[in-house]
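Q: First, the structure itself, so that you have it in front of you.
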Amino acid sequence: MAARLAEKRLEREEDPGVAAALIMRVAADALASGDAKRALEVLARAIAKDPACVPARAYQLDLLADGDDPAAFASELESYAEHLETDEARGRTFLLAAFVWGMLASDAPSARAAISQAGLYGVPPGTLSRLSRSMAFYREDKAWHDEATRRLLANGADPSELSTLWFELVRERFARGDAEGAVKALHETIVGVGWLIQAPSALTAVQVNAARQAAVGLGATIESKSGQLSLGEISNGATIGGLLLALGVLAMTVGLIRSETVSDLRTLTAAGAGARTRRALTGVTACVIAFLGAALGVAGGSLAVFVWGHADLATTFADVPWSDIGLLVIGMPLIGGTAAWLLSGRQPSAVSRQSLE
């Protein structure tokens, strides 16, 4: 009833303040009935009648903050800031609007514009730069983060954080492949100190000596690759060594199994099992044991690497040595099974009674 009376009174009310108060009564009735959309429309009318109506602004901002349209919330914050009395209040409101634009609405240009407005109302440059860095880091906007870091270094950075900021600036530029920009950030100049020459094949000792003599004649020096093993050669050697060790352990395991089952082999021989059957039993046994051991080893190693480098799995598993893994998981069982098949065809000694234990 009160809301209806207020709406009728609005038709002939000319005072902006009174009209805004009447509209607020209609908005309160809409909120009580759960119609937030109508309440926002009515509050917009109240603010249009009296832009300085604080209760209407408060109602509207509260509804927009709980809604699903952060862009509208940020826009109303900026509109509200223009009607505040002090520059400090305006600046803080624009900072809040910038946060909503950048973090909730994902609108970086509007966020940067709001930060610029906050600066016009006297917000310290250091505060602006720190807020910009935080939002740029969250949005993974490296260019914005770089710009905000440079501004913080130029205005408002504490002496205790200067080294950290310079390090971040150089690291970000190197990460983007901008080596020249990273060097300029340190106020240095890139100077060539040498050349890297790659030959299509390995150089002989005579060729290296001739190149060294030619360089000395020109007043220069050269450095060539040493005779040390490369990382790939070391990895291949370690794989082969591990494979031989595993085959040795496999041979001992299969030998122990055969010694424990010699009476069963004698029984099979007495029952008519030939050399092919005995070879097949030993070969399959060796192959299965080797495969299970290799699979468990690879799974355990992969789990350890996963735990160690879980923060950046893409980089950790970017260069997996599939050839070495294939050699262990497939090659070792085949080699072990074949060797066991070839070496296990000997007929067991004559059938005898089982020894007393």
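The values are calculated or read from the model by the stated rules, or taken from the named source; none is laboratory data. On a predicted model such as this, the values are computed, not experimentally measured, just so you know. Backbone-built Cβ (ideal geometry, glycine too); neighbour counts: all protein chains shown.
Q: Within the stretch 238-262, how many residues are touching a Ser or Thr at 6+ places or on another chain (Cβ under 9 Å) and of a type outside the set (Val, Ile, Thr)?
A: 1
Quick grid of which residues meet (1) part of a loop (DSSP other than H, G, I, E, B); (2) within 30 Å of GLU147 (Cβ to Cβ); (3) modelled with pLDDT of 75 or more:
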residue: VAL183; (1), (2), (3): no, yes, no
residue: ILE190; (1), (2), (3): yes, yes, no
residue: LEU196; (1), (2), (3): yes, no, yes
residue: VAL206; (1), (2), (3): no, no, yes
residue: ASN209; (1), (2), (3): no, no, yes
residue: ARG212; (1), (2), (3): no, no, yes
residue: GLY219; (1), (2), (3): yes, no, yes
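Q: Between GLY336, GLY300, GLY293, which is assigned by TED's automatic domain parsing to the domain that holds ASP264, of a type outside the set (A, V, I, L, M), loosely packed, with under 12 Cβ neighbours inside 10 Å and modelled with pLDDT of 85 or more?
A: Sole residue among the options that is assigned by TED's automatic domain parsing to the domain that holds ASP264, of a type outside the set (A, V, I, L, M), loosely packed, with under 12 Cβ neighbours inside 10 Å and modelled with pLDDT of 85 or more: GLY300.
Q: Restrict the check to the stretch 82-104 and report whether at least one residue is among the acidic types (Asp, Glu) and under 23 Å from ASP68 (Cβ atoms).
A: No, the stretch 82-104 contains no residue that is among the acidic types (Asp, Glu) and under 23 Å from ASP68 (Cβ atoms).
Q: Within the stretch 98-116, work out how many residues are farther than 25 Å from LEU165 by Cα and modelled with pLDDT of 90 or more.
A: Residues in the stretch 98-116 being farther than 25 Å from LEU165 by Cα and modelled with pLDDT of 90 or more: 1 in total.
Q: Restricting to helices (runs of 4 or more DSSP H) lying wholly in the stretch 87-147: which have 2 or more residues that are of a type in the set (D, E, K, R)?
A: So the answer is 87-99, 125-139.
Q: Filter the stretch 258-276 for residues that are under 19 Å from TRP341 (Cβ atoms) and either modelled with pLDDT of 85 or more or exposed (fewer than 14 other Cβ atoms within 10 Å of the Cβ) (or both) and give the result.
A: Correct list: SER259, VAL262, ASP264, GLY274, ALA275, ARG276.
Q: Taking only pairs six or more apart or across chains, which ones have beta-carbon atoms under 8 Å, a first residue in the stretch 106-127 that is farther than 20 Å from ASP69 by Cβ, and a second residue that is at pLDDT below 90 and assigned to a loop (DSSP other than H, G, I, E, B)?
A: These pairs meet every condition: PRO124/GLY156; PRO125/ASN155; PRO125/GLY156; GLY126/ASN155; GLY126/GLY156; GLY126/ALA157; THR127/GLY156.
Q: Scan the stretch 134-143 for residues that are under 15 Å from ARG171 (Cα atoms) and not charged (D, E, K, R) and report the count.
A: Of the residues in the stretch 134-143, 2 are under 15 Å from ARG171 (Cα atoms) and not charged (D, E, K, R).
Q: Go through the stretch 112-157 and give me each residue that's under 17 Å from ARG90 (Cβ atoms) and surrounded by 15 or more Cβ atoms within 10 Å (Cβ to Cβ).
A: Matches in the stretch 112-157: ALA113, ALA114, ILE115, GLN117, ALA118, GLY119, TYR121, VAL123, THR127, LEU128, LEU131.
Q: Please work out if GLY248 is part of a helix (DSSP H, G or I) and either under 20 Å from MET332 (Cβ atoms) or hydrophobic (A, V, I, L, M, F, W, C) (or both).
A: Yes, satisfied.
Q: Further question: I'd like to verify a number: residues in the stretch 43-75 that are under 38 Å from the mean Cα position of the chain (by Cα) and either over 22 Å from ALA105 (Cβ atoms) or at pLDDT 80 or above (or both), how many?
A: Qualifying residue count for the region: 7.
Q: Please tell me if ALA154 is closer than 28 Å to PHE73 by Cβ, in the same structural domain as PRO70 (by TED's automatic domain parsing) and of a type in the set (A, V, I, L, M).
A: For ALA154, the condition - closer than 28 Å to PHE73 by Cβ, in the same structural domain as PRO70 (by TED's automatic domain parsing) and of a type in the set (A, V, I, L, M) - is not met.
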